[in-house]
1. Having 2 or more residues that are free of Cβ contacts under 8 Å to residues at least 12 places away in the same chain is the bar; report the strands (runs of 3 or more DSSP E) wholly within the range A:1-52 that clear it.
2. Would you list the helices (runs of 4 or more DSSP H) that sit entirely within the range A:136-225 and hold 1 or more residues that are modelled with pLDDT under 85 and not polar (S, T, N, Q)?
3. Given the conditions (1) modelled with pLDDT of 80 or more; (2) in contact with an Asp or Glu (Cβ under 9 Å, 6 or more places away or on another chain); (3) open to solvent by less than 90 Å² (accessible area, probe 1.4 Å), which single one is not true for B:Ile46?
4. Read through the list (1) part of a helix (DSSP H, G or I); (2) touching a Lys or Arg at 6+ places or on another chain (Cβ under 7 Å); (3) open to solvent by less than 60 Å² (accessible area, probe 1.4 Å), then give the number of the only condition that B:Leu278 fails.
5. If you take the residues in the range B:348-365 that are in contact (Cβ under 8 Å) with a residue 40 or more places away in the chain and either of a type in the set (Lys, Arg) or more than 8 Å from chain A (Cβ to nearest Cβ) (or both), which one is farthest from A:Arg84 (Cα to Cα)?
6. Restricting attention to the range B:314-343, which residues are out of contact with any helix residue (DSSP H, G or I) (no Cβ under 6 Å at 6 or more places or on another chain) and hydroxyl-bearing (Ser, Thr, Tyr)?
7. Collect the residues in the range B:452-481 that are more than 12 Å from every other protein chain (Cβ to nearest Cβ), in contact (Cβ under 8 Å) with a residue 12 or more places away in the chain and under 30 Å from A:Thr52 (Cα atoms), keeping them in residue-number order.
8. Any residue at all in the range B:316-338 that's open to solvent by less than 40 Å² (accessible area, probe 1.4 Å), more than 54 Å from the chain's Cα centre (by Cα) and in contact (Cβ under 8 Å) with a residue 24 or more places away in the chain?
Amino acid sequence: MTDKKDTLVVKNLTHTYSDGQRKVEVLKNINVTFEPGRLYAIVGESGSGKTTLISLISALDKIQSGEVTYGGKDIRKIGAQAFRQHYVNVVFQAFNLIKYMTARENVEVGLDFSGHKGSGRERAYELLESVGITRDQADSLVQKLSGGQQQRVAIARCLAGEVPIIVADEPTGNLDEDTEGKILQIFRQIAASGKIVIVVTHSQKVASHADATVYHMKAGALSLK
Amino acid sequence: MQPDTDALRAAAEKARDSSDSDSAAQITQPTISEPLAKGIADSQYIKDYTYSVVTSANADGYKVVETAQNEREMQFQSAFDNAKNQANDQVEQFNQRRTEFNREQENNSQSQGSGQNQRQGGSSRGGSGDTRSAPQFNFNFDFNFSDPTLSRGDTAIQGVNSFAFVSDVENGSMKIVEGQAFDESTKDGVVISQKLADANSLKVGSEIKFKTTADTAKELTFKVVGIYSTSTEDFNYNTVYTNIDSAKSFMTDDQLKDLSVQDVRYYLTSAENKDAFLKETAAKYPEIKTDNLKLDIDDSSYQTMVGPIEHVGSFASTVFWIVVAATVAIITLIVVINVKDRRYEMGVLLSLGAKRGNIIGQVFVELIVVGTIGFLLSLGTSHLIAQKMGDSLLKQQVASSQQATSDTTQQRGINARPGGFSRMTTRQSSAKQIDTIDVSAGVHEYAMLFGIGYLILIVAMILPSINVLRYQPKTILAGKE
């Protein structure tokens, strides 16, 4: 397996956690490469290790064994905080928006960390509009928005970071089918813009998406479907 | 500075206990020389000083006031003179009876042993000679009960470098009622009692003449610059106050040569310097100890004045530290709760790439902003609260202090009765307690307030910061934190 520029490579990734008296191997020697401009879907049952895998990929958790590289650089050497700030953003199932802020303000937080120059407000509106949030909605508290709208805001915030990797953990888990389709469409557009988009889901709709490269996670092992 | 009564008492006891009369120590009242008094005053710890010289003069063209003191002294003198005359009479009677007894004895021995006398031949002359030379008892003792300052003149002259330093003026029992006081620069000016002035129709500006008590008396003319009144009972109203130089003009060269000063008092630059002053003086003037003198620190006035303030200060200091500790605890608790409530937000920020230091900084900046608003609001309210609290606390302290003083005074009244030496060492403090407090704060105080406030906020941030450092975005966002 050869590292390419702007390619995210997972090598021999193994992860365990202690469950009381015994150790549980959550990930078993995972090897996978994610290339820019593509949408990846990782499907599997609950507890199969999907969330653990993307936590390690997005530097939200510490790698125990194996390595994750981006552009040939070990992300541990880049540093977890720096990697999160400059390389990867995560969309969570629960949206994880700051509730006392408006949609626009949430996006501006993402812009702050990206080192965006110029008017954050206008850029936030642009990003929100790009995911289907109007200006009126953008100025509303996120609590007042629907689940689908909140997820769009979360995606816009990820985009604000202008990072090359977008990781989504069950982004449509709380959404109805119609909204799910629209969200997937957004991810497809993001991938088309040249970013690596990794979507963890148990949704067959995502898995059956023609453009997505689908991996199946089972009992800590990853295989191409 | 005054005689060291303890040292004198010890010396007296040593002399009394000495079995060898030749080696018995002679105890004399120590005196304070003017150069010593002035030398001590050169200390860096001395702000001001005073001493007095006491002499006397005779009235020249005015009549002295008959005072209760004069009357009492005369009564004592009269009683003593009577006792002395009676004793002399008794001694004279005793001597007469002894002479008669000796004579009778001689006559009896002559009549009973004339033969024997003849045998002895001429020895009767010798017997007669023994009778003539029988010891006669004499009583020749005199004593003057009057005030030493009046031992020679009828007017007491007290020289002091400033009238304000006269003990009675300091304790408030004496005050100028007309004219003005004198100081070192006043030339030939005296302050006389109102009674003396009234008795002689003297006014401020009048001339008053004295005759010195020297064998060759000289006339001295002074100008009355002030008239005083006193509330002291049995006061000698013939006491005239003037400055040191003027008082010295009443003295002879011999008196000036052996001049001793009295009522030597030094005023320290700060009560805190008392130990340093005593140490420095003891090292520089060892004769103070060897001459049985003693420097007593009398900070009773200071303590009386500032006692309640110091108690309030001490209480305020205690309250301050309690408030600081409580504030740190409360703010720490508030910030910990705040950080815990916002841990989800912090998890989000961490997932977006925020540095933990930035998150701690954000919380701290928020705290500083809120704190600064609070401090600014306190600028107006703290003054009012502090003034009210200060007044209330001081009122309590003054009341408490006055009660304690009253109890002590009653106790002292009982203890002082038999004391002879206590009169030399006890000074009644006339200082008024500070019973009002003016709370004011300047730039320095407010800078301190802000500084301490910010310090409290920094300390209060320690525990919440540790919590933030422990946060893992994954566990927060997974809801496991």
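1. In the range A:1-52, the matching strands (runs of 3 or more DSSP E) lie at A:8-19, A:22-34.
2. In the range A:136-225, A:177-192, A:204-207 are the helices (runs of 4 or more DSSP H) which contain 1 or more residues that are modelled with pLDDT under 85 and not polar (S, T, N, Q).
3. Among (1) modelled with pLDDT of 80 or more; (2) in contact with an Asp or Glu (Cβ under 9 Å, 6 or more places away or on another chain); (3) open to solvent by less than 90 Å² (accessible area, probe 1.4 Å), B:Ile46 violates only (2).
4. (2)
5. If we take residues in the range B:348-365 being in contact (Cβ under 8 Å) with a residue 40 or more places away in the chain and either of a type in the set (Lys, Arg) or more than 8 Å from chain A (Cβ to nearest Cβ) (or both), then B:Phe364 is farthest from A:Arg84 (Cα to Cα).
6. Once the filter is applied, which keeps residues that are out of contact with any helix residue (DSSP H, G or I) (no Cβ under 6 Å at 6 or more places or on another chain) and hydroxyl-bearing (Ser, Thr, Tyr), the range B:314-343 yields B:Ser314, B:Ser317, B:Thr318.
7. Selection gives B:Pro464, B:Ser465, B:Asn467, B:Val468, B:Leu469, B:Glu481.
8. Yes: the range B:316-338 contains one or more residues that are open to solvent by less than 40 Å² (accessible area, probe 1.4 Å), more than 54 Å from the chain's Cα centre (by Cα) and in contact (Cβ under 8 Å) with a residue 24 or more places away in the chain.
The values are calculated or read from the model by the stated rules, or taken from the named source; none is laboratory data. Note that this is a predicted model, so its numbers are computed, not measured. Cβ atoms come from the backbone with ideal geometry, glycine included; neighbour counts cover every protein chain shown. Heads up: the accessible areas ignore ligands, DNA and RNA and are worked out on the full protein's heavy atoms, side chains in. Shrake-Rupley method; radii C 1.70, N 1.55, O 1.52, S 1.80 Å.
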